[in-house]
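First comes the structure, then the notes that go with it.
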Amino acid sequence: MFDNLSDRLGKTLQNITGKGRISEDNIKETLREVRMALLEADVALPVVKDFMAGVKENAMGQDVIKSVSPGQAFVKIVNDQLVHVMGDANEQLNLNTQPPAVILMAGLQGAGKTTSVAKLAKYLKEVQKKSVMVVSADVYRPAAIDQLETLAKEVDVAFFPSHISEKPVKIAKNAITEAKKQFIDVLLVDTAGRLHIDDEMMREIIELHGSIDPIETLFVVDSMTGQDAANTAKAFNEALPLTGVILTKTDGDARGGAALSVRHITGKPIKFLGIGEKVAALQPFHPERVASRILGMGDVLSLVEEAEQKLDKKKTEKLAKKFKKGKSFNLEDFLTQMQQMNNLGGITGLMDKLPGMGQMPDEVKGKINNKEIDRLQAIILSMTVEERRKPDIIKGSRKRRIAAGCGQQVQDVNRLLKQFTQMQKMMKKMRSKGGMAAMMKQMKGAMGGGGGMPFQ
């Protein structure tokens, strides 16, 4: 997420962290580089101007000039300014009303609005422990109602049926009546999108909004459209009293212009980030955590929260008990670890949140990706249960059968077995005294290029 901006800012700020003192002369070039990094990230010009003014004003203050480590103080100023531009703090949904709390979802076609309805429904149900109903008032897009019904079943929330022959206002009102009968806490109303903003669309959604008076009106927008996302949100906000924004497709957004522009231009908070296609791929927007990730300092808090929500605790406990008893680590355990990793967004999702990963060489980053993890899982799934539990029995003919079963080469099976052996040794060291330090040293050597990367 926001890789280009993160790389550019990271390299720029590295140049100043070693300075013995900060003056207008030696900070001038750094400020210019920061400004270029923001513009290249497609951050709106008014936002860049205000951002730079804030950074310069704070950087030339006496506290920084007299600081023991002025370079680090400057990095903190940039971090604080990033947080300020994006909204200072997380703003939660306001559900403080007589149930059902109605949330209206608005946005352009293709922004991921219907999928976001399902993601938000899952979040409200699992994290906030609310009963949720969803309804589609999109009577224009073919199969929009069917799509939402399918997604509602997937996330296990109530679905209110509607039909393209009905008026959106009637659909929404009927859904509210039914939600009251079922004592539903939250009703999510999906609306029609268009390929562009037009008067007819605005009139319809204004009428819908006025008739149901939602407590939250969320604008769903594609992060990859950059500052256009902020401008579109502004146009919607002028017609509707928006209460917040959901930025979608942020996992594919290398620039970050939308995240840094939306709050400043609309005055409305970003409340959630869509970080993938899966229905679990939605997370609350915390400006301070996103700023930390942009500056390559990771986001451990979000990682811990995701682990608590998404990891299969029974599998984790079972593996821990197995190691305590001194049993060996086998390919079934290796597969479980990879599946758990996928629940946290895969290896790339983990790297995005771990401190210091942004400083890894590009050639190393290129070797670590989710597709490689998927390929390794396919090879293990092509094995018999006995082979997974006793990897030592996998010889020539078995290797050929396994490779054929998953569409890979025998060399790929050999590489997996070699990687597994390395992982097995790491696990043994973890159980021994001082094992964690030994394991970290081995991993550090692998990342530095001294040994083979575990996932190359």
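The values are calculated or read from the model by the stated rules, or taken from the named source; none is laboratory data. For clarity, every value in this text was computed on a predicted model and none was experimentally measured. With ideal geometry, Cβ positions are generated from the backbone for all residues, glycine too; neighbour counts draw on all protein chains shown.
Scanning the range 140-166 for residues that are crowded, with 18+ Cβ neighbours inside 10 Å, closer than 25 Å to F236 by Cα and of a type in the set (A, V, I, L, M) gives A144, I145, L148. Of the residues making up the range 74-103, those that are under 24 Å from the mean Cα position of the chain (by Cα) and in a loop (DSSP other than H, G, I, E, B) number 9. For the range 129-146, enumerate the residues that are hydrophobic (A, V, I, L, M, F, W, C) and more than 10 Å from V157 (Cα to Cα). Of everything in the range 129-146, those that are hydrophobic (A, V, I, L, M, F, W, C) and more than 10 Å from V157 (Cα to Cα) turn out to be V135, A137, V139, A143, A144, I145. Only helices (runs of 4 or more DSSP H) whose full extent lies in the range 105-222 are considered here, and the ones with at least 2 residues that are farther than 18 Å from V279 by Cβ and free of Cβ contacts under 8 Å to residues at least 40 places away in the same chain are 168-181, 199-212.
Return yes or no: is F329 outside the structural domain of M423 (by TED's automatic domain parsing) and modelled with pLDDT of 65 or more? In short, no. When Y123, Y140 are screened for being closer than 26 Å to D199 by Cα and not hydrophobic (A, V, I, L, M, F, W, C), only Y140 passes. So in the range 222-241, with the set limited to residues that are under 14 Å from G112 (Cβ atoms) and not β-branched (V, I, T), which one is surrounded by the fewest Cβ atoms within 10 Å (Cβ to Cβ)? Only one residue tops the list, namely M224. Residues in the range 369-384 that are more than 11 Å from L335 (Cα to Cα), part of a helix (DSSP H, G or I) and in contact (Cβ under 8 Å) with a residue 24 or more places away in the chain: N370, E372, R375. Do we have A118 as small (G, A, S), within 17 Å of L208 (Cβ to Cβ) and either assigned by TED's automatic domain parsing to the domain that holds V221 or out of contact with any Ser or Thr (no Cβ under 9 Å at 6 or more places or on another chain) (or both) here? Spelling it out, it is not the case that A118 is small (G, A, S), within 17 Å of L208 (Cβ to Cβ) and either assigned by TED's automatic domain parsing to the domain that holds V221 or out of contact with any Ser or Thr (no Cβ under 9 Å at 6 or more places or on another chain) (or both).
This table checks each residue for (1) outside any helix (DSSP H, G or I); (2) in contact with a helix residue (DSSP H, G or I) (Cβ under 9 Å, 6 or more places away or on another chain); (3) assigned by TED's automatic domain parsing to the domain that holds L38; (4) at pLDDT below 80.
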| position | (1), (2), (3), (4) |
| --- | --- |
| A233 | no, yes, no, no |
| L242 | yes, yes, no, no |
| D251 | no, yes, no, yes |
| A254 | yes, yes, no, yes |
| S261 | no, yes, no, no |
| H264 | no, yes, no, no |
| K268 | yes, yes, no, no |
| F272 | yes, yes, no, no |
